Amino acid sequence: MCQSRINEYFDLEWVLSFQRPKKKFLCQNCKNNFVALLNYPRCLGCGRKMNEEDICVDCRKWEREYSDLLGNIALYEYNELMKKYFERFKFMGDYYYSNIFNEELKEIVQKEYGKGWLYVPVPLSKQSFQIRMFNQVEALFSGLTFTELLTVRNDEKRQQSKLNRRERLRRRQPFILNSDRRVEVEAANILLLDDIYTTGGTLYHAAKIMKDAGAKKIKSITLAR
């Protein structure tokens, strides 16, 4: 993120253990400036940082509309450094940046939602894919086995990132269920994967399709909130 040199120090105990060094993508300073949400009290619905563990106002609205909350787990707060990260990774299209959080994301997915869960990434529209040439969600969670159940509607033109809060909340259903995968949804445990939880609209649209198709449980994990 800052282009400074990363210095690593290996003591004799580590050398004698014959462990392979883990590749580091962040210096300690940058790592400290990404706010790890799992270290703080969080909203039980969306994972945002709070003064005490509770359900935030936004999630109470989703609860009234959808009854079941997603219990989203977000690893990091969407602060200025995270915004800078997404500008480089998502909007400038630097795929290599997906490596920074990949191991952490896979670890939390496998720890919290191991066997018996289908990992469903939020899809990208054809227009966005033609610009970016990769799905940033699949890149972030690469190494997991995805079940691609959703497709963005052909008439969905505007990118989510270009909508303001009101437009996001009023957005009509942007997804359709892939008809040949419907049988996989019935009575299944679905874990939705996305990059950023903003208003929750995208994930709850996806969850509604899964629920209407007969999914048993629906949860979600995102990199940022």
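FYI, it's all coordinate maths here, none of it is from the lab. Just so it is clear, the structure is predicted and the values come from calculations on it, not from any experiment. Glycine also receives a Cβ, built like all others from the backbone with ideal geometry; neighbour counts cover every protein chain displayed.
A few points about this structure:
- Likely footprinting exposure, Glu53, Glu148, fewest C-beta neighbours within 10 Å first: Glu53, Glu148
- For the chain, the share of DSSP beta bridges that are antiparallel, to the nearest 5, is 20%.
- Derived from the Cα gyration tensor, the three semi-axes of the equivalent ellipsoid of region 29-108 are 26, 15, 12 Å, largest first.
- Distance between modelled label sites at Ser179 and Thr145, nm, 7 Å Cα→Cβ extension: 2.7 nm
- Listed values (i) 32, 23, 17; (ii) 42, 16, 14; (iii) 31, 20, 19, entry calculated as semi-axes √(5λ) of the Cα gyration tensor in Å: (iii)
- Since only Asn32, Tyr197, Thr222 are under comparison, the one whose Cα sits farthest along the positive direction of the charge dipole of region 27-224, derived from C-beta charges on Lys, Arg, Asp and Glu, is Tyr197.
- Across region 71-132, the fraction of Cα-Cα pairs farther apart than 14 Å, rounded to a whole number, is 70%.
- Dipole moment magnitude, nearest 20 debye, the chain about Cα centre, only Lys, Arg, Asp, Glu C-beta charged: 740 debye
- In sequence order, calculated HN-Hα J values of region 19-32 (Karplus, 6.51, -1.76, 1.60; Hz; x Gly/Pro): 7, 7, x, 7, 5, 9, 10, 10, 6, 4, 5, 5, 4, 5
- Equivalent ellipsoid semi-axes - Cα gyration tensor, region 92-225, angstrom: 21, 20, 14
- Among 4-13, 194-203, 41-50, sorting by the average number of other beta carbon atoms lying within 10 angstrom of each residue, highest first, gives 194-203, 41-50, 4-13.
- The stretch between Glu103 and Glu13 holds 30.0 nm of extra length on full extension. This uses 0.36 nm per residue minus the Cα-Cα distance.
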